[in-house]
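These notes are about the structure you will find just below.
The values are calculated or read from the model by the stated rules, or taken from the named source; none is laboratory data. Predicted model, so just to flag it, every value in this text is computed and none were measured. When we count neighbours, we look across all protein chains shown, and the Cβ atoms used for this are built from the backbone with ideal geometry, even at glycine. Calculation scope for accessible area: heavy atoms of the full protein, side chains included, ligands and nucleic acids excluded. Shrake-Rupley method; radii C 1.70, N 1.55, O 1.52, S 1.80 Å.
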Number of protein chains: 2
Amino acid sequence: MVVTIADVARAAGVSPSTVSYVLSGKRSISEGTRRRVERSIRELGYHPNAGARALASSRTNVLALVAPLRADVNVPVVMQFVGGVVTRARAHDHDVLLLTEDEGPDGLRRVAGSALADAVIVMDVEAAEPRLPVLRSLPLPAVLIGVPDEPHGLACVDLDFTAAGAACVGHLAELGHRAIALVGPSPAVYARGTSYAGRFLRGFRAAVAQRAVRAAERPCPPSYDGLRACLDDVLGQGVTALVVHNEAVLGPLLPELARRGLRVPEDISVLAVCPADMAEFQAVPLSSVDIPSAELGGLAVELAMSAAPPARVRLLPPRLTSRASTAPPRTATPLPSS
Amino acid sequence: MVVTIADVARAAGVSPSTVSYVLSGKRSISEGTRRRVERSIRELGYHPNAGARALASSRTNVLALVAPLRADVNVPVVMQFVGGVVTRARAHDHDVLLLTEDEGPDGLRRVAGSALADAVIVMDVEAAEPRLPVLRSLPLPAVLIGVPDEPHGLACVDLDFTAAGAACVGHLAELGHRAIALVGPSPAVYARGTSYAGRFLRGFRAAVAQRAVRAAERPCPPSYDGLRACLDDVLGQGVTALVVHNEAVLGPLLPELARRGLRVPEDISVLAVCPADMAEFQAVPLSSVDIPSAELGGLAVELAMSAAPPARVRLLPPRLTSRASTAPPRTATPLPSS
DNA sequence: CTGAAAGCGCTTACAG
DNA sequence: CTGAAAGCGCTTACAG
């Protein structure tokens, strides 16, 4: 019913092993036979049986990806990341097996034990990541997205959120802002100990301490009321610029500022940390530090492809793009006259 | 290095075939041996080799899912759907192989030819779906999410968007609204011929024709300016209620209405078509027709699990939840005094 | 209730 | 440059 390597061999008048070698390129084949074999493959529509191949070669050509499919994550970022992983994996002739975090460490053991994949990529890593021991003991390469507190022995990639936090402060300080506010991720993100939130905050604080800048910080729940309360607090402190590290509130933010009679960037500057397309989609195109999700996904695949990924933390430098939402503050003095 | 069925058999003092039968339950095993085998499996941490199992049994325990990983789809809906698929698949002891639409029909042929999966689920089906012929010729069960114009011979599941369109009109008409507007999906969605957009519109129009209701229709691009233009047009026609079938503009919608001095629902009613949690997240919780993505994903898996899924269109009835954003219109006459 | 053995479709030393 | 054959780790008739 389905075409096998024996069918192709028969059609091409060679042995099955020759067909196999044509496919793998692991030994030189005479021009003529190679062509006949390739022709037969094409004509018969032959695809090697994945199970048989995996069994014989101990390689599955499958990459396992553990993704957070919950609602409380940055959904577009996750999607772009997954897209980057699948695209790059296909470029390496690999497929992607999608796992949920629900299975926890056992899921990783199962995938490794069943020889379902050649490598595993784990998203949404927490600072105190509970899957670290399993990951280290796995007989296959693992790549983490995010940086746990103790990454020893594991390959990690991520945006350099520490540098991103500092870059945000730097950009605003150089424009002349002296009082800024960080509208941070949801309290739930901090509570979970998600690694990027803490790193961004650290970079932000360090840069604030280094410059003559005053800064307020507020986590912001992903709701309209949450945003409103957050702005009430923060704007009450007379800031002239907002750093928004929370994509969920990005949509309503500009309309809400407008409702308050604040023009961007004339009355207040806004600097976002989010995917580039999201920044461009706003009423006023936002200056932003890009979260290069698809690129990170591709990079993770590249690392996962090597038999032994370098057990070190690889951080992508942040790129800040100045768009229409940031400008020098209206007054030299940061505090509005009351 | 890795535990095989022979290791388990040796440890339990039985033959490999007995271990296999304990695992599959395909023949009765004496209480005692079963317990010894299960114990050995547990102690050794045995997981059957997926490739070997697939080769011997012609079943992979893998489901292929073709998902749209582009930016121009409803990202949260896709994520929830994928989550529903993975969760339900795991409940059936299956894993999910994630494919992009980029590969097109060839990707489906490849997966079937390589025996990578036992069934395939295809999301984001268009009215004139180009993958239909391949799907029909595939030697494995296929389930479509969405309803192409010619679904003959294929299993389809989706929300009944036609009924949803009608339900929206019905809800507003019963509240007393006589002039309503449909803020539709992005022009790109219509251009692609995505099946749900047309069906919703059909149901909407049919219900409008049946009732003493006047209706405006506008596709709405996923940008702030697009929304603004759309509202300019539609509000200019004196409508008292909005049906919003476009999650991308849901975030900025309420703030923008507020900016225009329109209170919801006092001055204007808003009825959304979107996932329930998204409706609840707004400044005013929105009355809505739920898009039950996760449930649809689960249903698709159930169908895909059967050797021959019923080749018919399965439509889930829409559920309209009345929240705070819909109310009777202020005046009995639909047109505001000018 | 259980075991010995064939066979699934490949890959890869081993031989020539 | 090519082929014959062993073997990967399971499942499942076939036997008893």
Practice problem: Quick one: B:Val78 ticks every box in (1) in contact with a Gly (Cβ under 8 Å, 6 or more places away or on another chain); (2) under 17 Å from A:Phe81 (Cβ atoms); (3) assigned to a helix (DSSP H, G or I) except a single one, so which number is it? | Solution: (1)
Quiz item: Restricting attention to segment B:43-53, does a residue exist that is out of contact with any Lys or Arg (no Cβ under 8 Å at 6 or more places or on another chain), aliphatic (A, V, I, L, M) and away from DNA strand C (no atom under 12 Å from the Cβ)?
Solution: yes
Self-check item: When residues of segment B:89-114 are limited to those that are part of a loop (DSSP other than H, G, I, E, B) and surrounded by fewer than 19 Cβ atoms within 10 Å (Cβ to Cβ), the one nearest to the other protein chains (Cβ to nearest Cβ)
Solution: B:Asp93
Quiz item: Residue check, B:Ser30 against (1) open to solvent by 40 Å² or more (accessible area, probe 1.4 Å); (2) modelled with pLDDT of 95 or more; (3) within 16 Å of DNA strand C (Cβ to nearest atom); (4) polar (S, T, N, Q), all met but one. Which one?
Solution: (2)
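Would it be correct to say that B:Val8 is modelled with pLDDT of 95 or more, within 14 Å of chain A (Cβ to nearest Cβ) and either away from DNA strand D (no atom under 13 Å from the Cβ) or within 15 Å of the chain's Cα centre (by Cα) (or both)?
Numbers: modelled with pLDDT of 95 or more: yes; within 14 Å of chain A (Cβ to nearest Cβ): yes; either away from DNA strand D (no atom under 13 Å from the Cβ) or within 15 Å of the chain's Cα centre (by Cα) (or both): no.
Judged against the criteria, B:Val8 is not a match.
Take segment A:15-42 and flag every residue that is among the hydrophobic types (A, V, I, L, M, F, W, C) and touching a residue at least 12 places away in the same chain (Cβ under 8 Å).
We begin by selecting, within segment A:15-42, every residue among the hydrophobic types (A, V, I, L, M, F, W, C); these are A:19, A:22-23, A:29, A:37, A:41.
A:Val19, A:Val22, A:Leu23, A:Val37, A:Ile41 - these are the residues of segment A:15-42 that are among the hydrophobic types (A, V, I, L, M, F, W, C) and touching a residue at least 12 places away in the same chain (Cβ under 8 Å).
I'm checking my understanding of the structure. Among residues of segment A:11-26 that are under 30 Å from A:Ser114 (Cα atoms) and outside any helix (DSSP H, G or I), which one is nearest to DNA strand D (Cβ to nearest atom)? Break it down stepwise before answering.
Initially, segment A:11-26 is screened for residues under 30 Å from A:Ser114 (Cα atoms), giving A:16-26.
When the remaining residues are screened for being outside any helix (DSSP H, G or I), the result is A:25-26.
Numbers: A:Gly25: 12, A:Lys26: 10 Å.
If we take residues in segment A:11-26 being under 30 Å from A:Ser114 (Cα atoms) and outside any helix (DSSP H, G or I), then A:Lys26 is nearest to DNA strand D (Cβ to nearest atom).
Here is a yes/no grid of residues against (1) at pLDDT 95 or above; (2) among the aromatic types (Phe, Trp, Tyr); (3) open to solvent by 30 Å² or more (accessible area, probe 1.4 Å):
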| residue | (1), (2), (3) |
| --- | --- |
| B:Met1 | no, no, yes |
| B:Lys26 | no, no, yes |
| B:Arg39 | yes, no, yes |
| B:Glu43 | yes, no, yes |
| B:Ala50 | yes, no, no |
| B:Ala56 | yes, no, yes |
| B:Ala71 | no, no, yes |
| B:Thr87 | yes, no, yes |
Quiz item: For segment A:216-293, which helices (runs of 4 or more DSSP H) that fit wholly inside it have 2 or more residues that are out of contact with any Asp or Glu (no Cβ under 8 Å at 6 or more places or on another chain) and more than 14 Å from every other protein chain (Cβ to nearest Cβ)?
Solution: A:224-235
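Given the structure, is B:Ala117 within 11 Å of chain A (Cβ to nearest Cβ), open to solvent by less than 50 Å² (accessible area, probe 1.4 Å), modelled with pLDDT of 95 or more and assigned to a loop (DSSP other than H, G, I, E, B)?
Details: within 11 Å of chain A (Cβ to nearest Cβ): yes; open to solvent by less than 50 Å² (accessible area, probe 1.4 Å): yes; modelled with pLDDT of 95 or more: yes; assigned to a loop (DSSP other than H, G, I, E, B): yes.
Criteria met by B:Ala117.
Checking the conditions here, which among B:Arg35, B:Arg70, B:Arg39, B:Arg59 is over 20 Å from A:Arg70 (Cα atoms), within 10 Å of chain A (Cβ to nearest Cβ) and among the charged types (D, E, K, R)?
Numbers: B:Arg35 fails: within 10 Å of chain A (Cβ to nearest Cβ); B:Arg70 fails: over 20 Å from A:Arg70 (Cα atoms); B:Arg39 fails: within 10 Å of chain A (Cβ to nearest Cβ).
Answer to the check: B:Arg59.
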Quiz item: Mind checking which pairs have a first residue in segment B:43-60 that is assigned to a helix (DSSP H, G or I) and near DNA strand D (Cβ under 7 Å from one of its atoms) and a second that is open to solvent by 40 Å² or more (accessible area, probe 1.4 Å) and not charged (D, E, K, R), Cβ under 6 Å, 6 or more apart or different chains?
Solution: B:Ala52/A:Leu55; B:Leu55/A:Leu55
Exercise. Could you give me the residue pairs with C-beta distances under 7 Å whose first residue belongs to segment A:270-287 and is open to solvent by 40 Å² or more (accessible area, probe 1.4 Å), whose second residue is modelled with pLDDT of 95 or more and charged (D, E, K, R) wherever it lies, and which are 6+ apart or on separate chains?
Key: A:Pro285/A:Arg323
